[in-house]
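What follows is a short report on a single structure.
Read-outs: derived from the displayed coordinates by stated rules, not from any lab. Being a predicted model, the structure only gives us computed values, none of them experimental. Virtual Cβ from ideal backbone geometry, glycine too; neighbours counted across all protein chains shown.
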Amino acid sequence: MKHFWLIGNCITNVCKSTACMVEYVSNAEMPRMGQACVQHGRGGMGCGKPTGDGRCNMFIKGFTYGFNGRRGMYRTEKAVLSMERLAALGGDWAALAFTVLQDTFSSTVIRPDYRYTVTDRDITFAVDTLHGLGLKVCLKPMVNCADGIWRAHISFPEPETGRKNYWEEWFSSYTAFLCHYAEIAEETGCEMFCVGCEMLGTEAREKEWRSAIAEVRRIYHGPIVYNTNHGREDGVAWWDAVDYIGTSAYYKVAQVPGDTLEHMMEAWEARKASLKALSERNGGKQIMFMEIGCRSARGCAMMPYDFSHREFPYDEDEQANFYESCLRSMWNEPWFAGFFWWDWYTYLPEAQQEMGFSIAGKKAEKIVREWYAKKRS
């Protein structure tokens, strides 16, 4: 079966740095592991210099969009205004993130809640809108538990403890879930697909994950990433099955509330050594921060993942220092593939002192604009 692929604005051992040219390739010939910068006719993949084996180095100037979206929200004027403001940051990527539910952490069936789950039409509209604004899209379907338990705790007893193979049932449902959205990613020309986010309780099931990813690759022919959690990167034995190593980089970089930019820089410099070693252990595979961010609240750089402590005082400076320290530290590392900052809201925040992860109208927004206007050396 033949597919049309456009190659452009990238440098590899097989393509020229021309505006765009068409190459006909079969499924079997389709490059994997980032070996060529190919996509659905939307320019280059944001690559830089080739690596020694001919792979292009990815570098993403991105943000996560849409996580708090619900049925119908993406197709509203307020959502389009938010996407336009996102594009005006000067970045080149958006991770379109949305959730589908299973009832509890131990449920084996994943299904939409038709009251809340974004529809296929919503997703297609958002992808088309983001593409129209000049952004590449990583489609990021996520599973959440309706009972509020973090998806990292999804887990089941081993098959030999009973008559029912819960793992087999869950992975069957999860693979079908992935394949449904992989088909949308393929049809809408998404330039990347994320096969999971912080699924820590499932990561040891190597055989099942490899099988699920193989099924996705039968449908979606672009790069694939998996998003583990900070500090758990070494717990994934199947990084070779995906094209990029993704992590939620909510690392502690402050020692006290209101810590200095210099101290945060020191923390990032120390963190880089372990991340670089992770890349090297996986054949130089690039690492990307599939999630990273910090609330505009004093003390949150000590626990950037926090969303619950609303008693903390408002503090734009600590959020801004978190952003600046990370951007300075990571920007020119060749093993680093870039950022999907968390999180750009489906609708722009209305509160003047919004204490969440949004940077809209805050000091961190100016910092991101300035960095995203630069090129990596």
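What the table shows:
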| read-out | value |
| --- | --- |
| Distance in nm between pseudo-label sites at Arg369 and Val80 (7 Å out along the Cβ direction from Cα) | 2.3 nm |
| Cα-based reach from Lys366 at 13 Å (exclusive), listing aspartates and glutamates while leaving out same-chain residues under 8 positions away | Glu316, Asp317, Glu324 |
| All Cα pairs of the stretch 59-372, percent lying beyond 36 Å | 14 percent |
| Links that overshoot a 24 Å alpha carbon limit, given the list Lys272/Lys375; Lys207/Lys276; Lys61/Lys363 | Lys207/Lys276 |
| His263 paired with Asp120, simple spin-label distance in nm, labels 7 Å along Cα-to-beta-carbon | 5.2 nm |
| Spherically averaged projected area of the stretch 97-231 from its Cα convex hull (nm²) | 8.9 nm² |
| Length added when fully stretched, Phe307-Arg328, from 0.36 nm per residue minus Cα-Cα | 5.1 nm |
| Percent RCO, i.e. relative contact order, over the stretch 309-377, from Cα pairs under 8 Å lying at least 6 residues apart | 45 percent |
| Cα gyration tensor shape for the stretch 264-377, rounded if a/c is under 1.5, else prolate or oblate | prolate |
| Contour minus Cα-Cα distance for Glu206 and Ser155 (0.36 nm per residue) | 17.0 nm |
